[in-house]
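Here's the structure we're looking at; comments come further down.
Taken together, the values in this text are just the output of simple stated rules run on the coordinates, not laboratory data. Values in this document were obtained by computation on a predicted structure and should not be read as measured data. All Cβ positions, even for glycine, are placed from backbone atoms using ideal geometry, and neighbour counts span all protein chains on display.
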Amino acid sequence: MASPTVTMRCPACGTDLRISLAPAPRTQWFPCPHCRAPVPVVVPREPPPLYSWEVLPGLYPPLPPPKLPKFQARRATATVLIAVAVLGAALAGYLAYGGFSVAAPGSFVVSGTVDTQGPAGTVPAVGAGVLLDGENGHTASTTTGPGGAFSFSGVPTGGVFLNVTLVGYGPVGVYAFVSNVYSAGATGIVVTLTPGTPGNVSTVAYTPFPDLESLLASVGAGVVLLGLVAAVAGAAAWVTLRKDRPAVGVVGGCAGLLTPLALYFLALGDPFPLVLLGTAAGAALGAFAVGARAIEMAQTGTAPGPE
């Protein structure tokens, strides 16, 4: 049995439509190809009634035009995508400024304590050697005093490597980072030496960035990524405002949705926690855009073409 075909007019823009209906359900919705407004259609019964408003237009009062849903997915999605674009651009600028601030020269203090592990537990290591190797050829050495404490002053900005040694114990290497914006392992370092030989080397990393160059590389990649998010979301918002394209809204929302994951792999959460929180907000907005447009695509389907 062929699918019934009905001719009707869009209540929103007045476009004449010829729609091929499925046998079920009785009530179906189709998007208008001109304005994308949802058009309700009821499968006609066979045979048609003898008297109707088409045959006798004055017999029945005209039906009120159907009201569109109050929630406008197109407008809401465009607004959300604009917010994602603005947020991405602002975070990219903040991250770029943070990169310049991290690279600013400075002088810092690196300090901590050294303990030894024995049968009775840990005890302060007195006389342990601590060698500091910083960026730009900065080196310094000292020995732990009473309580196993050590301290270095005048350490320049960048990555720091500490080599802690003591006769009869395995050496321990410590990676740290010092700057005006981000410092990891600068003070309060606790190193525990265990019995061993010089070949039993172990390392402790307080930061994923061994030097300033690696941190600036991650910052640059984050700025480019956030700039791309702003560009994609802005373009998707512009297309959505001009012409209803649900798939474009899904793409723009995905750009914001995946940003926190990429910044997590760039290890920028610890140096710039505000950027990670901002991208989480952008991801929430992107998820809204993806969900709204995906649900609309699933409900309306493909727009009917003229026959």
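Within the listed set P146, P119, P198, the Gaussian network model of the chain (springs between alpha-carbon atoms below 10 Å) gives the highest mean-square fluctuation for P119.
Could you work out the mean projected area of the convex hull around the alpha carbons of the range 72-119, in square nanometres to one decimal?
In nm², the orientation-averaged hull projection of the range 72-119 is 8.3.
Note on T7/A104: beta-carbon distance plugged into 1/(1 + (r/R0)^6) with R0 of 41 Å gives a FRET efficiency of 0.05.
Relative to the longest principal axis of the Cα atoms of the chain, the long axis of helix 73-102 makes an angle of roughly 20 degrees. For the chain, the longest principal axis of the C-alpha atoms and the axis of helix 212-242 are separated by about 10°. No disulfide-compatible partner, judged by a Cβ distance under 4.7 Å, exists for the following cysteines of the chain: C254. Note on the range 195-307: the alpha carbon radius of gyration divided by the globular reference 2.2 N^0.38 Å gives 1.59.
Taking R0 as 41 Å, what's the FRET efficiency between Y206 and M297 from their Cβ-Cβ distance, rounded to 0.05? Plugging the Cβ-Cβ distance into 1/(1 + (r/R0)^6) gives 0.30. In the chain, which longest range has no chymotrypsin sites (Phe, Trp or Tyr not before Pro) that are both DSSP loop (not H, G, I, E or B) and surrounded by at most 13 other Cβ atoms within 10 Å? Here the longest segment lacking exposed loop sites spans 72-307. Note on the chain: the alpha carbon radius of gyration divided by the globular reference 2.2 N^0.38 Å gives 1.72. Relative to the dominant Cα principal axis of the chain, helix 246-257 is inclined by about 20°. Its residues counted as N, the range 107-210 yields a C-alpha radius of gyration over 2.2 N^0.38 Å of 1.03.
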